[in-house]
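Chemist: Quick one: the structure is below, questions incoming.
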Ligand SMILES: [Zn+2]
């Protein structure tokens, strides 16, 4: 299968140098930068500026997905500010193609009056979802986490590196936190409540460990999609156990899956020291190459020490996964 021009619909890759842009071009990609309400990634305000500027100056290489922060939630001023910001982000040159919500909703946010957890299906977010639906903008929802978040640290898990270094997000043994099921249900509730809103579950909708659970939601909610970002190893290890099952899932739901990879940069590449910049660039290049080989070829690839055969999906499916679904769901990408 010859490499064709593709859309990576989930990156955090502020490639504001000509070298980094050439790398994106050489990989035959257009990338969709995703804003995250996370100070570690620069905060929403800064990311909006980086990513929109790239979409304006290099529209053939970059699109972007906006987000909003929770400062002042749930005051009327918060609501008004968020709606005004989204309207601005969706208007004019370099407009955003969607809006992201992050796991801090459901896993961090507390009601200032009651100190109770606030979930994404809380009615106080309804004005945002109504607006997105009315604007025909997709919502990319990273709600919840992989099950590994609630499980004991396991060096064999693809998530070991993350949870062993991010203890604030590792909830094993805690009984004072919401369950995986509660968080997934809060996301499902939005797909149900807004049937004309395209709801994209990031990272296979935090259900990467159970394809049947994803399939059940595809059947239940025609407006539900998932992106594949950041979960290549999860999917490859499952293919190592049962390649046919994983392959069948991709064939059956080829209209509902959007390819993304999720490389993470904490600041624009021009602001990194040379060593970090080179490392981030080659990481992204390696990831793009390996993802393609896994989905498009039957090459034997190394994942966590295991040799696993790629899925060799047919060209019609690859075109949907790598291009057409993103174009249809993130209108204007
Ligand atoms: Zn991401």
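Chemist: Could you tell me which numbered condition residue 229 fails, if it satisfies all but one of (1) surrounded by fewer than 18 Cβ atoms within 10 Å (Cβ to Cβ); (2) in a loop (DSSP other than H, G, I, E, B)?
Modeler: Residue 229 satisfies every listed condition except (1).
Chemist: Say we look at the range 281-299 and pick out the residues that are within 18 Å of residue 319 (Cβ to Cβ) and touching a helix residue (DSSP H, G or I) at 6+ places or on another chain (Cβ under 8 Å); which of these is surrounded by the most Cβ atoms within 10 Å (Cβ to Cβ)?
Modeler: Restricting to residues being within 18 Å of residue 319 (Cβ to Cβ) and touching a helix residue (DSSP H, G or I) at 6+ places or on another chain (Cβ under 8 Å), the top hit is 294.
Chemist: Can you find even one residue in the range 159-173 that is touching a residue at least 12 places away in the same chain (Cβ under 8 Å), within 15 Å of the ligand (Cβ to nearest atom) and assigned to a loop (DSSP other than H, G, I, E, B)?
Modeler: Yes, that holds for at least one residue.
Chemist: Moving on. Looking at (1) within 21 Å of residue 73 (Cα to Cα); (2) surrounded by 21 or more Cβ atoms within 10 Å (Cβ to Cβ); (3) touching a strand residue (DSSP E or B) at 6+ places or on another chain (Cβ under 8 Å), can you tell me which one residue 105 breaks?
Modeler: Result: residue 105 passes all but (3).
Chemist: Any chance you could count how many residues in the range 303-333 are touching a strand residue (DSSP E or B) at 6+ places or on another chain (Cβ under 8 Å), more than 30 Å from residue 66 (Cα to Cα) and surrounded by fewer than 18 Cβ atoms within 10 Å (Cβ to Cβ)?
Modeler: Counting residues in the range 303-333 that are touching a strand residue (DSSP E or B) at 6+ places or on another chain (Cβ under 8 Å), more than 30 Å from residue 66 (Cα to Cα) and surrounded by fewer than 18 Cβ atoms within 10 Å (Cβ to Cβ) gives 2.
Chemist: Continuing with this model, one more query. Find all pairs meeting these conditions: Cβ atoms under 7 angstrom apart; at least six residues apart or on different chains; first residue within the range 249-271 and on the phi > 0 side of the Ramachandran plot; second residue within 16 Å of the ligand (Cβ to nearest atom) and assigned to a loop (DSSP other than H, G, I, E, B).
Modeler: 262/229; 262/230
Chemist: Could you list, in sequence order, the residues of the range 140-158 that are closer than 20 Å to residue 102 by Cα and part of a loop (DSSP other than H, G, I, E, B)?
Modeler: Within the range 140-158, 142, 143, 144, 145, 146 qualify.
Chemist: Filter the range 1-22 for residues that are in a helix (DSSP H, G or I) and either within 15 Å of the ligand (Cβ to nearest atom) or in contact with a strand residue (DSSP E or B) (Cβ under 9 Å, 6 or more places away or on another chain) (or both) and give the result.
Modeler: 21 - this is the single residue of the range 1-22 that is in a helix (DSSP H, G or I) and either within 15 Å of the ligand (Cβ to nearest atom) or in contact with a strand residue (DSSP E or B) (Cβ under 9 Å, 6 or more places away or on another chain) (or both).
Chemist: Now for a separate question. Out of 189, 181, 185, 239, I need the residue that is on the phi < 0 side of the Ramachandran plot, assigned to a helix (DSSP H, G or I), at pLDDT 95 or above and touching a helix residue (DSSP H, G or I) at 6+ places or on another chain (Cβ under 8 Å). Which one?
Modeler: When all the criteria are applied, what remains is 239.
Chemist: Continuing with the same structure: So which of 226, 177, 200, 233 ends up being farther than 18 Å from residue 325 by Cβ and within 16 Å of the ligand (Cβ to nearest atom)?
Modeler: Matching residue, one of 226, 177, 200, 233: 233.
Chemist: Oh, and also: Residues being crowded, with 20+ Cβ neighbours inside 10 Å and either within 16 Å of the ligand (Cβ to nearest atom) or free of Cβ contacts under 8 Å to residues at least 40 places away in the same chain (or both): count how many of those fall in the range 126-147.
Modeler: Of the residues in the range 126-147, 9 are crowded, with 20+ Cβ neighbours inside 10 Å and either within 16 Å of the ligand (Cβ to nearest atom) or free of Cβ contacts under 8 Å to residues at least 40 places away in the same chain (or both).
Chemist: Could you grab me the full set of residues in the range 35-55 that are within 16 Å of the ligand (Cβ to nearest atom) and in contact with a helix residue (DSSP H, G or I) (Cβ under 8 Å, 6 or more places away or on another chain)?
Modeler: Hits for the range 35-55 are 35, 36, 37, 38, 41, 42, 47, 48.
The values are calculated or read from the model by the stated rules, or taken from the named source; none is laboratory data. Note that the structure is predicted; figures quoted are calculated from it, not measured. A quick note on method: Cβ atoms are made from the backbone with ideal geometry, for glycine too, and the neighbour counts reach across all protein chains shown.
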